[in-house]
1. Give Lys24/Lys72; Lys10/Lys92; Lys82/Lys118; Lys24/Lys112 a once-over and call out the pairs whose C-alpha atoms are over 20 Å from each other.
2. Tell me which trypsin sites (Lys or Arg not before Pro) from the stretch 56-119 have a DSSP coil assignment and no more than 13 other beta carbons within 10 Å of their own.
3. Can you sort Arg19, Arg163 by how many other beta carbons sit within 10 Å, fewest first?
4. Counting other Cβ atoms within 10 Å of each Cβ, which GluC sites (Glu not before Pro) in the stretch 48-122 have at most 15 and sit in a DSSP loop?
5. For Glu21 and His104, what is the calculated FRET efficiency with R₀ set at 25 Å and r taken between the beta-carbons, to the nearest 0.05?
6. Give me Ser46, Ser74, Ser90 ranked fewest to most by other Cβ atoms within 10 Å of their Cβ, as a rough exposure proxy.
7. Could you line up His77, His53, His104 from fewest to most neighbouring Cβ atoms inside 10 Å?
8. Give me the net charge of Ala155's neighbourhood, meaning all other residues with Cβ under 14 Å from the Cβ of Ala155; Lys, Arg count +1, Asp, Glu -1.
Amino acid sequence: MVNMLYELDKTLRLPDRLRGELQKVYGTLVSEEELDSLLDGGMVISVGDVVTHTLLTRGVFPDIAVVDYRTKRSEAHFPEIKEYGDLVISVKNPPGCITPELWHGVHRAIEKAKSGVKVRVDVEGEEDLAVLPAVIFSPEGAIVIYGMPNTGLVALTVNDEHRMNALRIIGEMEV
């Protein structure tokens, strides 16, 4: 399944027993205003259309934006997102899954972002679980910002503990 963290050769599916665990807040629940104080110049990765829209309208330009043009299972209309990024990586990823395409797309985006390229990852399907590969591949201290439906924004500062937790969850997913 995971080989040296760089290869994922099968689609992983989130089993029902893990859904509740992924509804927990990993990181810090923050208001839009608090975001500014968290961003210290390190890599910023946004996962989700509303999160990316929120950052862009606040003048925060994430290094990587992972979007699927949907919010709460409905189409999202944020024109500024479609214009964002120096590089666009397109991947397919069904709901509740992490495909090899998503895995490699996020990894490639992070590698490009390290050299200053702003990257948008367009997901056909669902981008929610992109948080996991983002945490695994991001450099120490990167901020992954994602949304919790009906709750708010979560900012997670990547460290070894978060990385190990993401690996544990991936290890419990079904092939």
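1. Details: Lys24/Lys72 17 Å; Lys10/Lys92 13 Å; Lys82/Lys118 13 Å; Lys24/Lys112 30 Å.
Flagged as over cut-off: Lys24/Lys112.
2. Working: sites: Arg58, Arg70, Lys72, Arg73, Lys82, Lys92, Arg108, Lys112, Lys114, Lys118; in loops: Arg58, Lys72, Arg73, Lys114, Lys118.
Listed in order of number, the matching sites are Arg58, Lys72, Arg73, Lys114.
3. Working: Arg19 10, Arg163 17.
Ordered from fewest to most neighbouring Cβ atoms within 10 Å, Arg19, Arg163 come out as Arg19, Arg163.
4. On the way: sites: Glu75, Glu80, Glu83, Glu101, Glu111; in loops: Glu83.
Answer in residue order: Glu83.
5. Working: r = 25 Å, r/R0 = 0.99.
The formula returns an efficiency of 0.50 here.
6. Details: Ser46 30, Ser74 7, Ser90 11.
Least to most surrounded, the residues fall as Ser74, Ser90, Ser46.
7. Details: His77 11, His53 21, His104 16.
In increasing order of surrounding Cβ atoms, one gets His77, His104, His53.
8. Values: positive: Arg58; negative: Glu32, Glu33, Glu34, Asp36, Asp40.
Taking every other residue near Ala155 into account, the sum is -4.
Each reported figure results from applying straightforward, stated rules to the coordinates on display, with no laboratory input. This is a predicted model, so every value here is computed, not measured. Note: ideal-geometry Cβ built from the backbone for every residue, glycine included; neighbour counts use all protein chains shown.
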